[in-house]
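Asker: Sharing a structure here in structure tokens format.
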Amino acid sequence: MGSPKALLPISGMPFIEEIVRALKGTKVDEILVVLGHNAEEIESRIGGLPVTVVINKEYAKGQLSSLVAALRILEERTNAQKIDGILVHLVDHPFISPPLVDKMIARFYESGKLIVVPRHRGRRGHPVLFARALFPELLSAPLDQGAKAVVHAHRNETLELDTDYEGVTIDIDTPEEYRRHLRNQ
């Protein structure tokens, strides 16, 4: 992309700020931002955000390594048993709907399902909510398969929440995708 995705502007602010702003408007208790590649540069730019920064020194091992870094921090806390789950959102999915996140959290508690994932027009998207009971599986999942391995292993315990919000499936991985989304704003 030429620069860290977290710092690319969208809707007038960097991806990471847009995501944090949206999550601050939800029932999410705490926001952990996991940084790997370019961690120092990104951390220096997001210092004023109301987040807990987690540094993933093993970021080269892939996305799952960032989730593992966050889970390890949560597990070390004295109140770790009070954590019901974790909402996982990727920085290259800069569009997030606070009302949808709150609906996911409510449905998580109502349904008793282990995983809640939004779905737009039949396609699963982000964020994904994982119950605390799955933390050990997420910590030991194969790095090459990531959290998808856990989702696939728990198909019957997954709630797919249909939404009209297209942002759940928008993944910006290339300069071309980024330019297309800027034109559409």
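Asker: For LEU32, what residues show an amide H to amide H distance below 5 Å, using hydrogens built from the backbone and excluding near sequence neighbours?
Answerer: So LEU32 has HN proximity to THR52.
Asker: Looking at SER140, GLN81, SER97, which one has the Cα that reaches farthest to the positive end of the dipole of the stretch 5-184 (charges on Cβ: Lys, Arg +1; Asp, Glu -1)?
Answerer: Result: SER97, furthest along the dipole toward the positive end.
Asker: What FRET efficiency do you get for ASP102 and ILE55 if R0 is 41 Å and r is their Cβ-Cβ distance, rounded to the nearest 0.05?
Answerer: Numbers: r = 29 Å, r/R0 = 0.71.
That pair, ASP102 with ILE55, gives E of 0.90.
Asker: Under a Cβ-only charge scheme (Lys and Arg +1, Asp and Glu -1), can you give me the dipole magnitude of the stretch 5-184 about the Cα centre, in debye to the nearest 20?
Answerer: Details: 23 positive and 25 negative charges, 54 e Å.
Rounded to the nearest 20 debye, it is 260 debye.
Asker: In the Gaussian network model of the chain, springs joining C-alpha atoms below 10 Å, which of ALA70, ALA147, ALA80 carries the largest mean-square fluctuation?
Answerer: Result for the chain, Cα springs under 10 Å: ALA80 fluctuates most.
Asker: What net charge is computed for the residues neighbouring ASP162, neighbours being all others with C-beta under 10 Å from the C-beta of ASP162, Lys and Arg scored +1, Asp and Glu -1? It would help to have the intermediate numbers written out before the result.
Answerer: Details: positive: ARG119, ARG121; negative: GLU160, ASP164.
Taking every other residue near ASP162 into account, the sum is 0.
Asker: What label, among (1) 1.04; (2) 0.99; (3) 1.54, belongs to Cα Rg over 2.2 N^0.38 Å computed from the structure on display?
Answerer: Matching the structure shown: (2).
Asker: Are there DSSP H segments in the chain that both extend 18 Å or more along their axis (alpha-carbon positions) and score a mean Kyte-Doolittle hydropathy of at least -1.0? List them, or say none. All intermediate terms of the calculation are to be shown ahead of the outcome.
Answerer: Details: long enough: 63-76 (21 Å, 0.78); 98-111 (19 Å, -0.12).
Long hydrophobic helices here: 63-76, 98-111.
Asker: Tell me, in nm to one decimal, what length is gained between ARG123 and SER111 on full extension, where the rule is 0.36 nm per residue of separation less the Cα-Cα distance?
Answerer: Numbers: separation 12, 0.36 × 12 = 4.32 nm, distance 2.08 nm.
Full-extension gain reported as 2.2 nm.
Asker: Here's something else I'd like to know. Less than 16 Å apart at the alpha-carbon level, and either on another chain or at least 8 residues along: which aspartates and glutamates does that give for LYS27?
Answerer: Within the straight-line cut-off, LYS27 pairs with ASP84, ASP102, GLU110.
Asker: Right, here's the next one. Contour minus end-to-end for ALA153 and SER44, with contour as 0.36 nm per residue of separation and end-to-end as the Cα-Cα distance? Could you put the intermediate results ahead of the total?
Answerer: Values: separation 109, 0.36 × 109 = 39.24 nm, distance 3.85 nm.
Length gained between ALA153 and SER44: 35.4 nm.
Every number in this text was worked out from the coordinates using simple rules, so none of it is lab data. Since this is a predicted model, take the numbers as computed values, not measurements. For neighbour counting, all protein chains shown are included, and Cβ atoms are generated from backbone atoms with ideal geometry for every residue, glycine included.
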